[in-house]
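The values are calculated or read from the model by the stated rules, or taken from the named source; none is laboratory data. Note that the structure is predicted; figures quoted are calculated from it, not measured. Note: ideal-geometry Cβ built from the backbone for every residue, glycine included; neighbour counts use all protein chains shown. Heads up: the accessible areas ignore ligands, DNA and RNA and are worked out on the full protein's heavy atoms, side chains in. Shrake-Rupley method; radii C 1.70, N 1.55, O 1.52, S 1.80 Å.
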Amino acid sequence: MSSPWACAVPDLREDRLRTVVVWPPQPGRAVSDTLPAMEPDEELLRRLRAGDEQAFVALVERYNGSMLRLALSFVPSRAVAEEVVQDTWLAVLRGLAGFEGRSSLRTWMFTILANRARTTGARELRSIPVADAGPVVDASRFGPDGSWSVPPEHWVEEAEERIEAGKLTGLLRSAMDSLPARQREVVLLRDVEGLTSTEVCSVLAISEANQRVLLHRGRGKLRQVLEAELGGSR
Amino acid sequence: MRLISRRGLGAGLGRGLVCQQAVELVTLYLEGALRGAERRRFEKHLAGCPHCTEYLAQIRETIRLAGRVTPGDLTPQMRVDLTDLYRRWREEG
Ligand SMILES: [Zn+2]
């Protein structure tokens, strides 16, 4: 079953602002009838405050998946994670009146979630990531002078032609699932959800420097997975 | 200088980066966290190195494709539960 918001993706190429683009491009028509997805968060917030239940459903459709994934990296089981996510939605509803919009809606929601999940999971505040400090490209790929001996092959424009879309997504999703928790959280919020680095640091209560290290490792591993699938198989 | 000591990889001071160092700087570069001389050194390396240029392109593509990932479907049960939650909240207030 494909999610009704499968076509709402953050455009991260120039990062910063989340620009929602329709994929696949289908000018002039919505991809699905139930699709609320192109509506900006601000508009959903406005409707939600006006008591529109559908706005809440749309917000849930947009963010519940990421919330669940984020919660899962703090707590031991899916059942507990679902509970944390439900608590978060209730806290969001109850907090609506007091939400002043100093951060974006999603940053605010993810922060509530992370705080709750952290408390529930009783995971101690961040002993940070230095442990996983291996190189993003295996040393065997370089010669003694530090230049590539097994250079990356060219596949960037071909990924989507050579791997069927569903498989590509599945591949990346399972690669993300197998990242260490800290890296997974950062990649999820930055690259899947399209939060800015500042927003991610605030949600996860980590420094910019740590955020970059985690992002670097996480993206490096995702690239390796793509390379294993695409590189040199011609 | 900081780069070298930070990365612990042994290219000489003042010389260009080697590929093995350059790939470790990609995220800093994309995050806009490489400044001044560090940034120029990185860009100079890229200008002369098709492989690291390819690597950078692959990381950008990885980011773009990650942006396509949908984090998971909302199960019908969750939708029902959350709609209930909304209605209960409405009654609260
Ligand atoms: Zn190079």
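Before we move on, is residue B:92 surrounded by 12 or more Cβ atoms within 10 Å (Cβ to Cβ) and of a type in the set (Asp, Glu)?
Details: surrounded by 12 or more Cβ atoms within 10 Å (Cβ to Cβ): no; of a type in the set (Asp, Glu): yes.
So residue B:92 does not fit the description; no.
Take the residues of segment B:57-73 that are surrounded by 20 or more Cβ atoms within 10 Å (Cβ to Cβ) and aliphatic (A, V, I, L, M): which is nearest to the ligand (Cβ to nearest atom)?
The selected residue is B:59.
When residues of segment B:34-59 are filtered for being at the interface with another protein chain (Cβ under 7 Å from one of its Cβ atoms) and closer than 16 Å to residue A:217 by Cα, how many remain?
Going residue by residue through segment B:34-59, those that are at the interface with another protein chain (Cβ under 7 Å from one of its Cβ atoms) are B:51, B:54-55, B:57-59.
From the residues that got through so far, the ones that are closer than 16 Å to residue A:217 by Cα too are B:55, B:58-59.
Of the residues in that region, 3 qualify.
Kindly establish whether residue A:205 is open to solvent by 40 Å² or more (accessible area, probe 1.4 Å) and of a type in the set (A, V, I, L, M, F, W, C). If you could, list the steps in order and put the result at the bottom.
On the way: open to solvent by 40 Å² or more (accessible area, probe 1.4 Å): yes; of a type in the set (A, V, I, L, M, F, W, C): yes.
Criteria met by residue A:205.
Could you grab me the full set of residues in segment A:73-90 that are surrounded by fewer than 23 Cβ atoms within 10 Å (Cβ to Cβ) and at the interface with chain B (Cβ under 10 Å from one of its Cβ atoms)?
Selection gives A:82, A:86, A:87, A:90.
I'm told residue A:146 meets every condition in (1) outside any helix (DSSP H, G or I); (2) more than 9 Å from chain B (Cβ to nearest Cβ) except one. Can you identify the failing condition by its number?
Of the numbered conditions (1) outside any helix (DSSP H, G or I); (2) more than 9 Å from chain B (Cβ to nearest Cβ), the odd one out for residue A:146 is (2).
Name the one entry in A:171, A:215, A:195 that is open to solvent by less than 10 Å² (accessible area, probe 1.4 Å) and part of a helix (DSSP H, G or I).
Details: A:171 fails: open to solvent by less than 10 Å² (accessible area, probe 1.4 Å); A:195 fails: part of a helix (DSSP H, G or I).
When all the criteria are applied, what remains is A:215.
Could you count how many residues in segment B:63-91 are within 16 Å of residue A:65 (Cα to Cα), aliphatic (A, V, I, L, M) and within 7 Å of chain A (Cβ to nearest Cβ)?
Here is the first cut: in segment B:63-91, the ones within 16 Å of residue A:65 (Cα to Cα) are B:66-83.
Now narrow it down to the ones that are aliphatic (A, V, I, L, M): B:66, B:69, B:74, B:78, B:80, B:82.
Within this subset, residues satisfying the condition of being within 7 Å of chain A (Cβ to nearest Cβ) are B:66, B:69, B:74, B:78, B:82.
Result for segment B:63-91: 5.
Is it the case that some residue within segment A:205-220 is modelled with pLDDT of 95 or more, within 22 Å of residue A:65 (Cα to Cα) and small (Gly, Ala, Ser)?
Yes, some residue in segment A:205-220 is modelled with pLDDT of 95 or more, within 22 Å of residue A:65 (Cα to Cα) and small (Gly, Ala, Ser).
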